[in-house]
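Below is one structure; the comments refer to it alone.
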Amino acid sequence: MCGIVGFIGRQQAAPILLDGLSKLEYRGYDSAGMAVYDGQKIRVEKSTGRLKVLSELTHDGSTMPGTVGIGHTRWATHGEPSDRNAHPHCNTEKSIAVVHNGIIENYMKLKKKLLDHGYEFISDTDTEVVAQLLDYYYKKTNGDIIDTITRVMHRVEGSYALGIIFAEHPDHVYALRKDAPLIVGKSKDGNLIASDVPAILKYTRDVYFIENEEIACLTEDDIRFYNIDGEPIEKTSRTIEWDINAAEKGGYEYFMLKEMYEQPKTVRDTLNPRIKDGQIVIEELGMSDEEIRAIERIHIVACGSAYHTGVTAKYIMEGLARIPVEVDLASEFRYRNPILNKNDLVVIISQSGETADSLAALREAKAKGVKTLGIINVVGSSIAREADRVMYTWAGPEIAVATTKAYTAQLIAHYLLAIHFAQVKGQVTDEEVAEMLTDLKAIPAQIEMLLANKEHIQKIANRYVGARDVFFIGRGIDYAIGMEGSLKLKEISYIHSEAYAAGELKHGTISLIEEGTLVAALVTQKDLYKKTLSNIVEVRSRGAVVLAVTNEDNTEIEKNADYVIYIPQTNKYFTNSLAIIPLQLFAYYVSVGRGCDVDKPRNLAKSVTVE
Ligand code: M6R
């Protein structure tokens, strides 16, 4: 979704804005722009296409003098991607410039009011309405900016993170938010605003998280905060510990490849601090054994890959801890009036911690008085702040739109949670726990081994660069692995792909199998192996080419599959962490082979902050 940056300080703003925007590219965008106060007026440059176009247009920012500015990458919602609709947007006199992430839901009503007052609009966006509304109140309040901004906040409905500059107050940058991410960074050379940490990490690690309906007012040396009533408020900054190199490609062709290779480390980082003296200790959970025993049902709510983690987690939590689990897509959960009881636990899984539907689901659960737990990667994100408890996945910044390392870290968090709950409930013996912990600790090295096999996967992938459809089949946890493998492939290669519970195939989907159709079969569950094998035979006899991913060293699979990828042995509940690695590599190499933009697939955004 859209990315916002802003700078005010002692250096030229435009190159800093361009640099910050480049770190937000992963969020997805179709146009980019900047507004800089050049000493006399606000100058705006914007263009559709990649950031490169804006860099060329402004000679890397050098043709935009001035030390105060805001920048934006736009992911179109209201109005087609075009120069006209690109941000920043201004009032008619071009004395106010605005960048915006989010959706103003009542913009039509506001636009009508402004049209009635003689305002004219040149774009189709909801953001231009905000720029003109600021103008309207600015004039009405005789230039009282905080009053202007709070009046606008009271009028607009929907979500917004806004960066604003006023030509008549060129020594300030203003920022405000509601339900869209925004942070403020404090550095010795000036102050910054951004949608996300990587954009400012080069300049500072001192960050303020703006809460809903708060305003930040930045000058070169000072940052002040106000609430929606315009009253000053105190905020404390936090230090960001992220490794700056984690937000750089570090010699890899794509972030996705780099992030896949980081998985042994990110799995270790998520796992090791939570195993102490042979016991699972999840300090941040803050739940007593009584509270855990009292849980009657768990509702896991998430989107995309995080949802797939939830599907896997259901099998594990129910299998180990015997607690019933429901898994919901966040976009469905919030509108189906879910039945939540006081002894239920709602778990929201999210890499970004900003996904609009997941955030709304969290609020729905909280409004119903149910305990909530966030499994979140981005520290200080909205869901992390609003959930009753947070368990962080220590995957570090993930830049590629297709998640890899955050997903495998989420799995680890759920294994730990399930074993811990099972132990508290007396569902597993100490010996079983010890065995599982041994298997968990082996996972990073096993992932390393699988990654080392990349050439083999690349060769197979190269043969399917031209595939039209690919199907993923499996049963139980293998079905969940297939869902994630399928999403990885389709989102970055644009090849149509579906995941099916292997037993469900013959109820319709098998009619799509024809000569040469690739079917990836996941066969990691001993008790289901024979059943899935018979599904492999079914599709093969209809012409499918079968790629099997298995831990079974079995001649039947060798005989019936065209390609076999072996994963190391592990506990039956943990196979997803290993089987997903070849599927990530497969998707990656198909995407590279097709010449796709692996890290920034079309139409997608890293963090989906609108409904
Ligand atoms: O930040 P979140 O984990 O809440 O994001 C959820 C989905 O948008 C995300 O997993 C998406 O499906 C990815 N593109 C998958 O690779």
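The values are calculated or read from the model by the stated rules, or taken from the named source; none is laboratory data. Because the structure is predicted, anything quoted here is derived from the model rather than measured. With ideal geometry, Cβ positions are generated from the backbone for all residues, glycine too; neighbour counts draw on all protein chains shown. These accessible areas exclude ligands, DNA and RNA; they are computed on the full protein's heavy atoms, side chains included. Shrake-Rupley method; radii C 1.70, N 1.55, O 1.52, S 1.80 Å.
Taking only the alpha-carbon positions of the stretch 8-62 and ignoring solvent, what does the Debye formula give for the base-10 log of I(q)/I(0) at q = 0.23 Å⁻¹?
Ignoring solvent entirely, the Cα scatterers give -0.89.
Please sort by residue number the chymotrypsin sites (Phe, Trp or Tyr not before Pro) in the stretch 81-181 whose DSSP state is loop and whose Cβ has at most 15 other Cβ atoms within 10 Å. If you can, show how the numbers build up before the last one.
On the way: sites: Tyr107, Tyr119, Phe121, Tyr136, Tyr137, Tyr138, Tyr160, Phe166, Tyr174; in loops: Tyr119, Phe121.
Listed in order of number, the matching sites are Phe121.
Percent of accessible area on the chain owned by carbon and sulfur, 1.4 Å probe? Don't skip to the end; give the middle numbers.
Numbers: 10900 of 22660 Å².
That fraction is 48 percent.
Length gain on complete extension for the stretch Asn272 to Lys109, per 0.36 nm per residue less the alpha carbon to alpha carbon distance? Before the final figure, lay out each step's value.
Values: separation 163, 0.36 × 163 = 58.68 nm, distance 5.35 nm.
The Asn272-Lys109 span can extend by a further 53.3 nm.
Straight-line reach only, C-alpha to C-alpha below 19 angstrom: list the lysines that Lys366 could link to, leaving out same-chain residues fewer than 8 apart.
Correct list for Lys366: Lys178, Lys342.
Along the Cα-to-Cβ line of Asp562, 7 Å from the Cα, sits a label point; which residues in the stretch 570-611 have backbone N less than 20 Å from it?
It comes to 582-594, nothing else.
Which FRET efficiency value, to the nearest 0.05, is calculated for Glu80 and Asn337 with the Förster distance at 51 angstrom and r the Cβ-Cβ distance? List each step's numbers first, then the result.
Working: r = 35 Å, r/R0 = 0.69.
Rounded to the nearest 0.05, the efficiency is 0.90.
Determine the calculated [θ] at 222 nm for the chain from helices alone, applying -39500 (n - 2.57) to every DSSP H run no shorter than 4 residues and normalising by the residue count; nearest 500 deg cm²/dmol. Working shown, then result.
Numbers: 19 runs with 217 residues, N = 611.
Here the helix-only value at 222 nm equals -11000 deg cm²/dmol.
Could you report the chain's accessible area per residue, 1.4 Å probe, as an integer in Å²? Don't jump to the answer; show the numbers that get you there.
Numbers: 22660 Å² over 611 residues.
I get 37 Å² per residue for the chain.
Using a 1.4 angstrom probe with every protein chain in place, what is the largest-first accessible-area order of Leu340, Leu505? Let's see the in-between values first.
Working: Leu340 25, Leu505 0 Å².
Of Leu340, Leu505, the descending order of accessible area is Leu340, Leu505.
Of all DSSP beta bridges in the chain, what percent run antiparallel (nearest 5)?
Values: 65 of 105 bridges.
The antiparallel fraction comes to roughly 60 percent.
Over the stretch 531-584, one equal point on each Cα, no solvent: what is log10 I(q)/I(0) by the Debye formula at q = 0.22, 0.27, 0.28 Å⁻¹?
-0.86, -1.11, -1.14
Pop a pseudo-label 7 angstrom from the Cα along the beta-carbon direction at both Glu455 and Gln569 and give the gap in nm to one decimal.
2.8
So for Thr236, Thr73, what's the accessible-area order with a 1.4 Å probe, most first? Don't jump to the answer; show the numbers that get you there.
Working: Thr236 120, Thr73 0 Å².
Most to least solvent-accessible, the answer reads Thr236, Thr73.
Simple spin-label model, 7 Å along Cα-to-Cβ: Gln427 to Ala367 in nm?
3.1
Out of the trypsin sites (Lys or Arg not before Pro) in the stretch 336-388, which ones are loop residues according to DSSP with at most 16 other C-beta atoms within 10 Å?
On the way: sites: Arg336, Lys342, Arg363, Lys366, Lys368, Lys371, Arg385; in loops: Arg336, Lys342, Lys368.
Here the trypsin sites (Lys or Arg not before Pro) that fit, given the DSSP loop and packing criteria, are Arg336, Lys342, Lys368.
Please list, in order, the residues from the stretch 100-121 whose amide nitrogen is less than 20 Å from a point placed 7 Å along the Cα→Cβ vector of Lys140.
Hits in the stretch 100-121 for Lys140 at 20 Å: 104-121.
Could you tally up the Lys pairs in the stretch 501-611 with alpha carbons closer than 21 Å? Skip any pair fewer than 8 positions apart unless they're on separate chains. Mind dumping the intermediate values first?
Numbers: Lys506/Lys530; Lys506/Lys531; Lys526/Lys559; Lys526/Lys572; Lys530/Lys559; Lys530/Lys572; Lys531/Lys559; Lys531/Lys572.
Eligible lysine pairs with Cα atoms under 21 Å apart amount to 8.
Specify, per residue and in Å³, the volume enclosed by the convex hull of the alpha carbon atoms belonging to the stretch 365-426.
About 98 Å³ per residue, rounded to a whole number.
Leaving out same-chain residues fewer than 8 places away, which aspartates and glutamates sit with a Cα under 12 Å from that of Lys441?
Output for Lys441: Asp269.
At Thr92 and Glu253, where each label point lies 7 Å from the Cα along Cα→Cβ, what is the point-to-point distance in nanometres?
Roughly 5.4 nm, to one decimal.
Given Cα pairs under 8 Å that are at least 6 residues apart, what percent is the relative contact order of the chain?
Values: 1389 pairs, mean separation 73.3, N = 611.
Dividing the mean separation by the residue count of the chain yields 12 percent.
Starting from the Cα-Cα distance between Asp469 and Lys441, subtract it from 0.36 nm times their residue separation and give me the gain in nm to one decimal. Don't skip to the end; give the middle numbers.
Details: separation 28, 0.36 × 28 = 10.08 nm, distance 3.66 nm.
Length gained between Asp469 and Lys441: 6.4 nm.
Ignoring solvent entirely, what values of log10 I(q)/I(0) come out of the Debye formula for the stretch 293-420 at 0.10, 0.11 Å⁻¹ when each Cα is a single scatterer?
Scattering profile of the stretch 293-420, log10 relative to I(0): -0.26, -0.31.
As an exercise, find the ratio Rg/Rh for the chain from alpha-carbon atoms, using the Kirkwood inverse-distance average for Rh. Present the calculation step by step, with values, prior to reporting the outcome.
Working: Rg = 25.4 Å, Rh = 25.4 Å.
Expressed as Rg/Rh, it is 1.00.
May I ask you to derive the FRET efficiency for Ile282 and Lys202 from their Cβ-Cβ distance with R0 = 45 Å, giving the value to the nearest 0.05? Working shown, then result.
Values: r = 33 Å, r/R0 = 0.74.
My answer for the efficiency is 0.85.
With +1 on the Cβ of every Lys and Arg and -1 on the Cβ of every Asp and Glu, and nothing else charged, how large is the dipole of the stretch 4-61 about its Cα centre, in debye rounded to the nearest 20?
Working: 8 positive and 7 negative charges, 26 e Å.
Dipole of the stretch 4-61, to the nearest 20 debye: 120 debye.
Just to confirm the filter: which GluC sites (Glu not before Pro) across the stretch 510-578 are DSSP coil and have at most 15 other Cβ within 10 angstrom of their Cβ? Intermediate values should be presented prior to the final figure.
On the way: sites: Glu514, Glu515, Glu538, Glu552, Glu556, Glu558; in loops: Glu514, Glu515, Glu552.
Sparse-neighbourhood loop GluC sites (Glu not before Pro): Glu514, Glu515.
Calculate how steeply helix 405-424 sits against the longest principal axis of the alpha-carbon atoms of the chain, using the helix alpha-carbon long axis, and give the answer as 0 to 90 degrees to the nearest 10.
The angle comes out near 60 degrees.
Taking 8 Å as the Cα distance limit and 6 or more residues as the minimum spacing, I'd like the relative contact order of the stretch 498-562 as a percentage.
Values: 76 pairs, mean separation 23.8, N = 65.
Once normalised by length, the contact order is 37 percent.
Can you give the alpha-carbon Rg of the stretch 106-169 over 2.2 N^0.38 Å, where N counts its residues? Mind dumping the intermediate values first?
Numbers: Rg = 11.2 Å, N = 64, 2.2 N^0.38 = 10.7 Å.
Relative to the rule-of-thumb radius for its length, the stretch 106-169 sits at 1.05.
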